[in-house]
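Engineer: Take a look at the following structure, please.
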Ligand code: MN
């Protein structure tokens, strides 16, 4: 007799699957799209925490029915790089992260994820010892504030072209160990891991039980399941490791993300047209694969 499994992972979708920027009516469109596709939460990007419109975001999340779940992600620029050797730049990075933690709390997001340990972009060289020390010290203080507000922090491991400090899960695990805060977790992204790790399962293993948050997306940035990403291998490894955290879907198309988004993401082509259809398909595939993974895990446990 096969047992009915309950998948514990909440499923979300990045707002840029639906809209160019988190502003104006684009916010409502993103929330409506995420809802229509059957997701539990929408990932809201905070690029400028100083000018972020919290009230507007709250209103947008409440449109069209029950309040939509939210997870705050961020990606600071080089002027607010907490891993900079320049103490003034690192301090701006810390202020950026502290405000993002507060915004997460104000939006009832129990996570702050993304580039939470440095800048998003191509670095001219390897990390410096001093810069890394700045990041470790700042993360300790940011994690303490996040803990007061009930927020966990995911450190998103990204590929070498988008940051120089954390390109593998093992590097993230080591940094978290060094900071020593209980609410810091490794955030894996299948797209980035595909470039840097031996396999998706190897990326999960490198977290050593510290995987907290997961991004799934294709290597092409197109429809889930149509590229080279081993989604099944990733989910089976994550579930076997006991991962119950949130999973968010990312895909980017030039006509949706606009000029600024295209330049930031290096998305120069239209990989797909229909945001809601793409998101619904991803949600259904994710649900099916997760159910299978949790069923297998349950059978192994018995
Ligand atoms: Mn990601």
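The values are calculated or read from the model by the stated rules, or taken from the named source; none is laboratory data. Quick caveat, the model's predicted, so the values are computed rather than measured. In this analysis, Cβ positions are derived from the backbone assuming ideal geometry, glycine residues included, and neighbour counts consider all displayed protein chains.
Engineer: Condition (residue is under 14 Å from the mean Cα position of the chain (by Cα), touching a residue at least 12 places away in the same chain (Cβ under 8 Å), farther than 25 Å from residue 58 by Cα and away from the ligand (no atom under 16 Å from the Cβ)) applied to the stretch 179-190: is it met by at least one residue?
Structural biologist: Checking the stretch 179-190: at least one residue is under 14 Å from the mean Cα position of the chain (by Cα), touching a residue at least 12 places away in the same chain (Cβ under 8 Å), farther than 25 Å from residue 58 by Cα and away from the ligand (no atom under 16 Å from the Cβ).
Engineer: Please verify whether the stretch 232-245 includes one or more residues that are buried (at least 16 other Cβ atoms within 10 Å of the Cβ) and under 27 Å from residue 76 (Cα atoms).
Structural biologist: Yes, the stretch 232-245 contains at least one residue that is buried (at least 16 other Cβ atoms within 10 Å of the Cβ) and under 27 Å from residue 76 (Cα atoms).
Engineer: Specify which of the listed residues (64, 121) is within 16 Å of the ligand (Cβ to nearest atom), more than 22 Å from residue 181 (Cβ to Cβ) and assigned to a loop (DSSP other than H, G, I, E, B). Give the steps one after another, and end with the answer.
Structural biologist: Values: 64 fails: within 16 Å of the ligand (Cβ to nearest atom).
Just a single option satisfies the conditions, and that option is 121.
Engineer: Among what's in the stretch 67-88 and is in contact with a helix residue (DSSP H, G or I) (Cβ under 6 Å, 6 or more places away or on another chain) and assigned to a loop (DSSP other than H, G, I, E, B), pick the residue that is farthest from residue 33 (Cα to Cα).
Structural biologist: So in the stretch 67-88, the residues in contact with a helix residue (DSSP H, G or I) (Cβ under 6 Å, 6 or more places away or on another chain) come out as 67-68, 70, 72, 74, 76, 80-85.
With the extra rule that they be assigned to a loop (DSSP other than H, G, I, E, B), the set shrinks to 67-68, 76, 81-85.
Numbers: 67: 14, 68: 11, 76: 26, 81: 33, 82: 34, 83: 36, 84: 38, 85: 41 Å.
That would be 85.
Engineer: Next question, about the same structure. Any residue in the stretch 35-46 that's more than 15 Å from residue 72 (Cα to Cα): show its pairings with residues that are surrounded by fewer than 18 Cβ atoms within 10 Å (Cβ to Cβ) at Cβ separation under 7 Å, as long as the two are six or more apart or on different chains.
Structural biologist: From the stretch 35-46, the pairs are 35/64; 35/65; 36/276; 37/276; 37/280; 38/280.
Engineer: On to the next question. Quickly run through the stretch 135-162 and pick out the residues that are within 16 Å of the ligand (Cβ to nearest atom), out of contact with any helix residue (DSSP H, G or I) (no Cβ under 6 Å at 6 or more places or on another chain) and in a loop (DSSP other than H, G, I, E, B). If you could, list the steps in order and put the result at the bottom.
Structural biologist: Just the residues of the stretch 135-162 that are within 16 Å of the ligand (Cβ to nearest atom), to begin with: 153-162.
With the extra rule that they be out of contact with any helix residue (DSSP H, G or I) (no Cβ under 6 Å at 6 or more places or on another chain), the set shrinks to 154, 156, 160-162.
Those that are within 16 Å of the ligand (Cβ to nearest atom), out of contact with any helix residue (DSSP H, G or I) (no Cβ under 6 Å at 6 or more places or on another chain) and in a loop (DSSP other than H, G, I, E, B): 160, 161, 162.
Engineer: Please list, ordered by residue number, the helices (runs of 4 or more DSSP H) wholly in the stretch 216-302 having 1 or more residues that are farther than 27 Å from residue 185 by Cα and either modelled with pLDDT of 95 or more or out of contact with any helix residue (DSSP H, G or I) (no Cβ under 6 Å at 6 or more places or on another chain) (or both).
Structural biologist: Details: elements: 231-240, 254-265, 275-301.
Result: 254-265, 275-301.
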